[in-house]
Structure formats: C-alpha cells, structure tokens
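Each remark here refers to the structure printed beneath this line.
Just so it is clear, none of the values below were taken in a lab; they were calculated from the coordinates. The structure displayed is predicted, hence computed values, not measured ones. Here Cβ is always computed from backbone atoms with ideal geometry, including for glycine, and neighbour counts include all displayed protein chains.
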Amino acid sequence: MAYEIAATGRALPKNRVTNDELAKTIDTNDEWIRSHTGIGSRYIAEPELTNSGLAARAARAAIEQLAEKTGAAAETVIASLDVIIVATVTGDYLGGVPPTSCIVQDILGAKQAACFDIEVCCTGFIYGLDIASGLLAVNRRRKRVLFISSELLSRITDWTDRSTCVLFGDGAAAVIIEKTDAPSEGAGRRGILRSILGADGSGGETLIVRRGGTRFPYKTGEVVDKPPHVEMDGRAVYNFAVKAITETISLLLEEENLTVNDLAVIIPHQANARIVQAAQKRLHLPEEKVYMNMEEYANTSAASIPIALDEVNRAGKLKRGDIVMFVGFGGGLTYGGTLAVW
Ligand code: ACO
C-alpha cells in the first residue's frame, strides 16, 4: 500500500505587493529586504477574501488536476474525498469554531468528508502529510484525503513593525493524497516514504501571537491598540531554523540510505533565502537541488512548501520515481521533513 500525492493546486490573492510598494508605507527598502531575506514581493488578501475561500480555490485546482488525470468529472472527485484537513494558524474563526475545513467542505459540496484543522504553524504541511497517510492507513474504507494549507498571515501581521511585516504573505495550496496498491518499499516504491516530526516547546516565546487566546484574552471594554499579531525574535528563529533543517535533511537521507544525488529536489519552507543557503552550505547541497520561490511569495507559513510543490509539479519537473524531500520549521517551535517518491 502506498500513500501518494496524486494532485496539487494553489491559489493566491490578486494583489501582489512589491518591496518598493511596501517601502512607501514603512521605513524599509528593497535592498534591505532582498539582502536579508531574498524576498521581492508578496500577495496580500483583499479585505473580502476569507481563508476558507482561498483554501477552496486551491482545493478546486487540485481536484481539477486529478479529474483531468483520471478522466473523472470534478464532482466525482469531490464525492470521493473521505477527509478534508486544513493546516492553518489564520483560520476564518478564532479557535477554529467552526473549523475552516468544515467551511471548505460546504463550499466544495463534499458532504461525505470528515473535516478538521491542524495548527502547526509553518510546519503544518509536514505534519499534515503524516496525519493524512495515517488516516488512510488506519481505515480500509478511506481512499482519498484533501489536504489544504492556507494562510492569511497579513491579518495577523503588525504593519507598523518592519522587522516582521516584510517577511509574510498570503496564499494557499492543496494536495490530494491517495491510497494506492503500489508498493511503499523496494523496487517501484511510491508515495510517502519516511518522515521526521519534531518540536521544542521551550522556544514558544520566540514566535508568538500573544493576545486573543484564552491565556491573555481581550476583556470587555478593553481599549486595544493593535489586533492580534505575530511577534518574533528573528535571530533566535534563524538559529533554530538553520539547525533544524540541516539536521532533518541529514537524518532523512541517512535513515533511507540516500545521498543528495538520489533526490530530484528539496523543497524547504520558504521563510528566508539566507536560512536555506546556510543549510545548503553546511551540507554542500548543489544549488539546483534546492527549490526557492520566496522572492515571489514571501513566507506563507504552512502554505509555502505546497505552493512550491505545485509550481514544480505544474512545470513538469517531476517524473514518476523521482524522490522529493520537504523540510520545514516554524512556531512552536516545530520542525520536520518528509521523503516521498513521485
Ligand atoms: N528594513 C530595513 N531595516 C530593517 C528592517 C527592514 N524591514 N528590519 C530590521 N531592520 C534593521 C533593524 O532595525 C536593525 O537596525 P539597527 O542595527 O540599526 O538596530 C538592522 O536592520 C538589523 O536587524 P536584525 O533584526 O539584527 O536583522 P537580521 O540580520 O537578524 O535579519 C531577519 C532579520 C531577516 C528577520 C532574520 O533574523 C531572520 O530571517 N530570522 C528568521 C525569521 C524567520 O524565518 N521567521 C519565520 C520563521 S517561522 C514562520 O515561518 C512563521
């Protein structure tokens, strides 16, 4: 039995904001942002766009891809989805009441699907792949999981803080994970091979949305100067991220007895080009093996890896049997990586 990524899709808001445009509203400049992060632009949701709306658009793109691939109608694919998972920290409603995945289910009309959200910050895609495969493994009747990573980080960004607001963007991407009869080991193996999931809860304060939860709730009558927003100790996150992705890549390769030459591509979380380049240098990874697109989209948290995967997939850069590695890190602090055979 294999758990394969059968289709991918992505969706971005219409509004693309360049560094120069951002520099008109805050004391920053294109040179600083590019040299410190590799970011050139980001997509920012228009006020009426919802997380569930963007997630449903990404889901539709993956559903249509699978429909085309299998010759089935899109509605038939929708009717075949057993579970819908949304990875997000910026869901439509506080605390996920109701879960964004349930709203997506309603938009798509996938009445038969079970739904839930996961909150693992930027590592959401990595954790979600394991959860999705686990759900397929544990129940014989389940065949397909629609797994969407969707974020409207612009809604929890402090637009007066130049050290964080230049980093984030909005976006969503979906994968459909399918249980197939292909082998998951040995010759001709396919699907998700192996993963590493980790966390260091002692680093929670380094990336935090402090207010609005049950620990520090807003009180009736309280005058609030800023809505809930991300606060970050950039240097601490940077150090954690470089260590986490370097160790995760090494360990995944070692555990599967692979070298970097066996990989078609490594798709890291697209937080900051300097983090990726530091890991690249430490592990002597050839530049062409490591995919980066933060120049266009900035950091879209859980959505960043699957947006990149969709780009690679739709560009026809993956062929059957290629080994792909995903590696991520984020708030929590959390980290992880996945090896999958295309
Ligand atoms: N434009 C211009 N100058 C700026 C900006 C800006 N946007 N932001 C900060 N500066 C200034 C600072 O004020 C400081 O000036 P000073 O020396 O006069 O005080 C100077 O630049 C250096 O600031 P640092 O914070 O030390 O800059 P650093 O080199 O550490 O880079 C950065 C900051 C890019 C945030 C880096 O620490 C980093 O990438 N950290 C990891 C962040 C990350 O990846 N977060 C997301 C991961 S988790 C998730 O995805 C949600």
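Taking amide H atoms as placed 1.01 Å from N in the peptide plane, list the residues 5 or more away in sequence, or in a different chain, whose amide H sits under 5 Å from that of GLY332.
Result for GLY332 returns LEU207.
Can you tell me how the stretch 124-261 classifies by the Cα gyration tensor, rounded, prolate or oblate, using a/c under 1.5 as the rounded cut?
Working: a/c = 2.69, a/b = 1.75, b/c = 1.54.
In terms of gyration-tensor shape, prolate.
Pairs of Cα atoms under 8 Å, at least six residues apart: use those to get the relative contact order of the stretch 113-232, whole percent. Walk me through the numbers on the way to the answer.
Details: 118 pairs, mean separation 27.4, N = 120.
Relative contact order, the stretch 113-232: 23 percent.
If the elastic network links every pair of Cα atoms under 10 Å, which of ASN272, ASN51, ASN313 fluctuates the most in the Gaussian network model of the chain?
It is ASN313.
Which one of PHE326, PHE240, PHE216 has the biggest mean-square fluctuation once the chain is modelled by GNM with Cα springs under 10 Å?
Result: PHE216 has the largest fluctuation of those listed.
When the convex hull of the C-alpha atoms of the stretch 2-180 is computed, what volume per residue in Å³ does it have? Write out the running numbers ahead of the final one.
Details: hull volume 22.2 nm³, N = 179.
So the per-residue hull volume is 124 Å³.
Taking the chain as a Gaussian network, Cα atoms linked when under 10 Å apart, which of GLU48, GLU222, GLU247 shows the biggest mean-square fluctuation?
Of the options given, GLU222 has the highest mean-square fluctuation.
What pairs in LYS289/LYS317; LYS289/LYS319; LYS243/LYS281; LYS69/LYS319; LYS111/LYS179 have C-alpha atoms more than 18 Å from each other?
In this structure, LYS111/LYS179 exceed 18 Å between Cα atoms.
So if R0 is 25 Å, what FRET efficiency would THR180 and ILE107 give, r being the distance between their Cβ atoms, rounded to the nearest 0.05?
0.35
From Cα pairs below 8 angstrom and at least 6 apart in sequence, can you work out the relative contact order of the stretch 2-180, rounded to a whole percent?
Numbers: 367 pairs, mean separation 60.3, N = 179.
Normalised by residue count, the contact order of the stretch 2-180 is 34 percent.
Tell me the relative contact order for the stretch 255-307 as a rounded percent, counting alpha carbon contacts under 8 Å between residues six or more apart. Could the numbers behind the result be given before it?
Working: 44 pairs, mean separation 25.5, N = 53.
It comes to 48 percent, rounded to a whole number.
Among THR37, THR338, rank each residue by its count of other Cβ atoms within 10 Å, from fewest to most, as a rough exposure measure.
THR37, THR338
Which three lengths, in whole Å and largest first, does the chain cover when its Cα atoms are put on their principal axes?
Projected onto the principal axes, the Cα atoms of the chain cover 57, 48, 36 Å.
Apply 1/(1 + (r/R0)^6) to the Cβ-Cβ distance of ARG141 and GLU288, taking R0 = 35 Å, and write down the FRET efficiency to the nearest 0.05.
Working: r = 42 Å, r/R0 = 1.21.
It comes out at approximately 0.25.
Using Cβ contacts closer than 10 Å as the measure, can you line up LEU207, LEU146 from fewest to most?
LEU207, LEU146
Alpha carbon centre of the stretch 158-195 versus the stretch 254-297: separation in Å?
14
Along the stretch 63-72, what does the Karplus equation 6.51 cos²θ - 1.76 cosθ + 1.60 (θ = phi - 60°) give for ³J(HN,Hα), rounded to whole Hz, x for Gly and Pro?
Couplings: 4, 5, 5, 5, 4, 5, 5, 9, x, 8 Hz.
With a cut-off of 17 Å, note down the residues of the stretch 275-292 whose backbone N falls inside the zone around a label point 7 Å from the Cα of SER35 toward its beta carbon.
275
Could you put ILE26, ILE156 in order, starting from the residue whose Cβ has the fewest other Cβ atoms within 10 Å? Numbers along the way, then the final one.
Numbers: ILE26 13, ILE156 17.
By the 10 Å Cβ count, ascending: ILE26, ILE156.
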